[in-house]
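Heads up: the structure comes next, in structure tokens.
The values are calculated or read from the model by the stated rules, or taken from the named source; none is laboratory data. Note that this is a predicted model, so its numbers are computed, not measured. Cβ: placed from backbone, ideal geometry, glycine included. Neighbour counts: every protein chain shown.
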Amino acid sequence: MTADADLVVTGIGVVTETALDPEGKRTKGWFDHRAELGRGYKYLPRASQYLLAATARALTDTGAELADVPEDRRAITVGTNNGMSELQGEFDRTVIEGDSTLLSPATVPYFSVNLVGSRVAMEHGLKGFSLGVHSPRVAGLEAVQHGVRALRAGRARWLLTGAAESPLDWSEPGSAGSEDGAVALVVERAEEVAARGGRAHGRVQVRSFLLPPPVADSPGGREQAERLLGAAFAALGLTRRSPQVWLIGGDDAVTGTVEAALGEGAIRASAGAGCLGPAVQVAALLREAFVEQLVIGVAAQGNVSVAHVVPGSR
């Protein structure tokens, strides 16, 4: 176990159609921002609404009072790829077909994808640090990695991390495969949780690397992937074939090369347009698994993140 092991996940919040409407019985859409959040959130981007709702669930799940942590010691890191895509598409069409003066003052600040987590940070006083991560597919896992590293460096003592996505704008390629929802994880120091008699869902550690597509598609691509995976496993304190592996990627050279380098036994999981899938898988394993497992997110652009999930207090 590496030095990240002194940090544990104490709260999990998942807001997806499957989580909120598992039997498909809602007739007015799977997410109602007024029912979930109350009034005053109409003009927030959908991804921000999802993250607020997931955060509320995660905070309740901790069974602790956030007020016990000073505001300047609370932090947030959140990953998103497409969380502002629909709004940005509307902005472009408004300016191209009309004039910039027609843009809504309520929504125009969200031209920046970094603002997905801003309302969460403001409402919950997360003043330690705030970081947005946007690497293709692995941004949610990288958000965990960067947040945990900052906690270990003393930048804060309490972390909200995860991923939030909403569909790509209809004009973008791949919009039919968009992801929609959010995952929020609360990470705290194990000794503080034990001192208050709290419960931990488990631990998550992440290491990331880049396998450029030309390298992955070259004759030596598999060997390079094996070296990079081996270094990531070693940094996580693992041997090559320790836990069960979930591989979340697309139909591309990088994912194919990583799968070949892993050898037999990896479980392929579907990957939509966004970074939500790997974060959802991590949350599911923390809640449901009994043994340590790996979640590996792979992007066609070469980004690879390896998450080591250890459920419970093991």
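Here are the numbers:
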{"item": "Answer residue from the stretch 85-130, given it is under 23 Å from the mean Cα position of the chain (by Cα) and polar (S, T, N, Q) and is nearest to Leu168 (Cα to Cα) among those", "result": "Ser85"}
{"item": "Test: residue in the stretch 15-29 that is under 30 Å from Gly154 (Cβ atoms), β-branched (Val, Ile, Thr) and outside any helix (DSSP H, G or I)", "result": "no"}
{"item": "Residue check for Ala232: in the same structural domain as Val304 (by TED's automatic domain parsing) and at pLDDT 95 or above", "result": "yes"}
{"item": "Counted residues, the stretch 56-92 - those being in a helix (DSSP H, G or I) and out of contact with any His (no Cβ under 7 Å at 6 or more places or on another chain)", "result": "20"}
{"item": "Sole exception among (1) in contact with a helix residue (DSSP H, G or I) (Cβ under 8 Å, 6 or more places away or on another chain); (2) of a type outside the set (A, V, I, L, M, F, W, C); (3) free of Cβ contacts under 8 Å to residues at least 60 places away in the same chain; (4) within 18 Å of Ser85 (Cα to Cα) for Pro173, by number", "result": "(1)"}
{"item": "Condition met for Arg137 (modelled with pLDDT of 95 or more, surrounded by fewer than 19 Cβ atoms within 10 Å (Cβ to Cβ) and of a type in the set (D, E, K, R))", "result": "no"}
{"item": "Sole residue being closer than 22 Å to Ala190 by Cα, in contact (Cβ under 8 Å) with a residue 40 or more places away in the chain and touching a His at 6+ places or on another chain (Cβ under 8 Å), chosen from Leu141, Leu131, Leu160", "result": "Leu160"}
{"item": "Some residue of the stretch 14-30 being crowded, with 22+ Cβ neighbours inside 10 Å and modelled with pLDDT of 90 or more", "result": "yes"}
{"item": "Subset of the stretch 93-115 [part of a helix (DSSP H, G or I) and more than 30 Å from Val187 (Cα to Cα)]", "result": "Arg93, Thr94, Val95, Ile96, Glu97, Ser100, Thr101, Leu102, Val108"}
{"item": "Residue selected from the stretch 103-123 under the condition surrounded by 18 or more Cβ atoms within 10 Å (Cβ to Cβ) and touching a residue at least 60 places away in the same chain (Cβ under 8 Å), by the criterion farthest from Ala54 (Cα to Cα)", "result": "Tyr110"}
{"item": "For Leu294: the one exception among (1) crowded, with 17+ Cβ neighbours inside 10 Å; (2) assigned to a helix (DSSP H, G or I)", "result": "(2)"}
{"item": "Any pair with Cβ under 7 angstrom, 6 or more apart, that starts in the stretch 180-193 at a residue that is assigned to a helix (DSSP H, G or I) and ends at one that is of a type in the set (S, T, N, Q)", "result": "Val193/Thr10"}
